[in-house]
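K.L.:
The structure is given below, and queries will be raised subsequently.
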Amino acid sequence: MSAPLREDEDMKMLSLTVKVPRHLPLGIAESLEKALTEAVQILTRSTAFQDLVESADNVARLVITQVRPGGIMMEDRIGQMATIKRVFEEGDWLTEEEINKLQKNPPSKKSLPASDWRRRNRIFSVSYGGKKYYPRYQFDAMYQPLPIISEILKAYGECSDTWSLAAWFHFPNGWIAKQVGNEASPVAPKDALERFSDVIKAARSQKGTYLA
């Protein structure tokens, strides 16, 4: 990412090149580019330029305060929020307390056993309205974790936002298909949990987005 910087005709044109993560969203990269440009311009206008340059904290603070969500970033976030709302409204969810009540011998602590299963990556949860929710398709008839879920989570890989994982389970996936007449129709992973090799292959091939 390069940010051309020009203060006035008496100053040289500089090109600032910054390496950013390959998968950084375009909106964030654009916002960061503008922030860096504005931060350096502020620095060069400062009478205490040398003092500021010598302080990495001050430089970092200038960049952070200049970052603003760009249009693409806002559109992306709006799309994500719409997807979250749709997945939640169309799904069948359980709270930790409900899972606790559904156990044959419920632990006294209401967050168990769900929180322990989640910690051991046997199931996953999402946060909605300040509460944790677990999709019902992760459990068998006795409300124990299906073994396939932990295998899918392992194949899917590290996930910083579990809503992307929930969306992956929820929407039809091109890697999993069923024959409808003469055509192949994609199937949502949550509806194909019995097809071990297909869902594992699909999990390994996920792209990390959750826009519907």
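K.L.:
Here are some pairs, LYS101/LYS178; LYS101/LYS201; LYS104/LYS132; which of them have Cα atoms lying more than 30 Å apart in this structure?
P.N.:
Details: LYS101/LYS178 36 Å; LYS101/LYS201 34 Å; LYS104/LYS132 22 Å.
Checking Cα-Cα distances, LYS101/LYS178; LYS101/LYS201 exceed 30 Å.
K.L.:
Sticking with this structure for a sec: Rounded to the nearest 0.05, what FRET efficiency do TYR137 and GLU183 have when you use their Cβ-Cβ distance and R0 = 45 Å? Please report the intermediate quantities before stating the final value.
P.N.:
Details: r = 25 Å, r/R0 = 0.57.
It comes to 0.95.
K.L.:
Using a Förster radius of 30 Å, what is the FRET efficiency between ARG120 and ALA82 based on their Cβ-Cβ separation? Nearest 0.05, please.
P.N.:
Numbers: r = 32 Å, r/R0 = 1.07.
So the FRET efficiency works out to roughly 0.40.
K.L.:
Given the Cα-Cα distance of THR95 and LYS110 and 0.36 nm per residue of separation, how much length would full extension add, in nm? Could the numbers behind the result be given before it?
P.N.:
On the way: separation 15, 0.36 × 15 = 5.40 nm, distance 0.99 nm.
Stretched fully, the THR95-LYS110 segment lengthens by 4.4 nm.
Laboratory data are not the source of any read-out in this text; all were calculated from the coordinates shown. Everything numeric here is computed off the predicted structure, so don't read it as measured data. When we count neighbours, we look across all protein chains shown, and the Cβ atoms used for this are built from the backbone with ideal geometry, even at glycine.
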